1. Give the angle, between 0 and 90 degrees and rounded to the nearest 10, that separates the Cα long axis of helix 17-32 from the longest principal axis of the Cα atoms of the chain.
2. So what's the convex hull volume per residue for the Cα atoms of the stretch 43-196, in Å³?
3. Relative to the longest principal Cα axis of the chain, at what angle does helix 165-177 sit, 0 to 90 degrees, rounded to 10?
4. Once you keep just the Cα pairs under 8 angstrom separated by 6 or more residues, what percentage relative contact order results for the chain?
5. Could you list His33, His123 in order of exposure, starting from the residue whose Cβ has the fewest other Cβ atoms within 10 Å?
6. Please report how far the C-alpha centroid of the stretch 133-189 lies from that of the stretch 1-72, rounded to the nearest whole angstrom.
7. Return, for the Cα atoms of the chain, the radius of gyration and Dmax in Å, separated by a comma.
8. Which whole number in µm²/s is D for the stretch 192-313 by Stokes-Einstein, with the Kirkwood Rh taken over Cα pairs at 37 °C and 0.692 mPa s?
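FYI, it's all coordinate maths here, none of it is from the lab. Keep in mind the model is a prediction, meaning the values are calculated, not measured. Neighbour counts run over all protein chains shown; Cβ positions are idealised from the backbone, glycine included.
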Amino acid sequence: MTPLVLDTTAIKRATTPELVLTAVRDAMIAHAHGRTTVPAPLHLQFPDADGDCHVKAGWVTDAPDFTVKIATGFYRNPAAGLPTNHGLVCVVSARTGQIRAILDDQGLLTSWRTAAAGALVTHAMARPDAATLAVFGTGEQARLQVQWLARLRRIDTVLVHGRSQDKSRSLCGEFNTLGLHARPAFADEAAAADMVITTTPATAPVLQAGDVRAGTHVTGIGTDMPHKNELPPALFARATLIATDDHQQCLDHGDFGHAVRAGATTDTSDTPVGLLLERPVERPDGAITIADLTGVGALDAALASAVLRELAP
């Protein structure tokens, strides 16, 4: 069997937001119920280049395919006119072991599944009347998180906090062009929004726990390696509900793990995000809720398989 090699043009042509959201939601629910196989991710760091690489694999039980994915993030690339993220997904038959396809997506599917997961979880866990969204970070994932969440609920105001004022203003301009009212904000104002999404490669918390108001939901996206940290442990001590996309991953290299090791919460205090997507969340108006998303290989498998079905039925 000669594997198909599919580029970003073909992938974009075959993929719709509905396909991505459905595949990601179903995979998170399957993972919450133990209907997936997900080995521990492999991490490589390249400090001299300010880069990292993740290798993730996953299989949804009874699915015809599994995937192995390489995803890289090299954070100095934009200064050289290059994208931050690259990667590819290898789709392998779970029946014969033959490689069916190589999705040369340059990290596109990872970006989409990350955005879809963040949007789905934020929408499910935030108050129904939450309408002010703050995003920490000014890169591709910050833009995608806002755009995908706006597909699911009304957003009245977007607050953007980044290290660069120029980048913050530029991203706000993009959002305003899309019809979203956006403006730059300092960290304390952004942390007080109804919904907060952090999308940075930070190695120290990007907000103060005391700035987060009662009733706020916070989704952490960027902490996906042991040395990274976006959310302060003290915030977990204030939370009524903590959700994780994968318990062991979040303990090992998520913000949840930092909070557990700091004694701010226990290692049994989390709920699988898939269960919260499956059933509506009942939350007091004044509750603080947190989702820690580290990225699960089963989501890559589900999305890549769904795309391949569209391209090679």
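1. Taking Cα atoms only, the helix is inclined about 80 degrees.
2. So the per-residue hull volume is 141 Å³.
3. Relative to the chain, helix 165-177 is tipped by roughly 70 degrees.
4. About 21 percent, as a whole number.
5. Listing His33, His123 from fewest to most nearby Cβ atoms yields His33, His123.
6. Cα centres, the stretch 133-189 to the stretch 1-72: 26 Å.
7. Values for the chain (Cα only, Rg and Dmax): 18.5, 58 Å.
8. Diffusion coefficient, whole number: 219 µm²/s.
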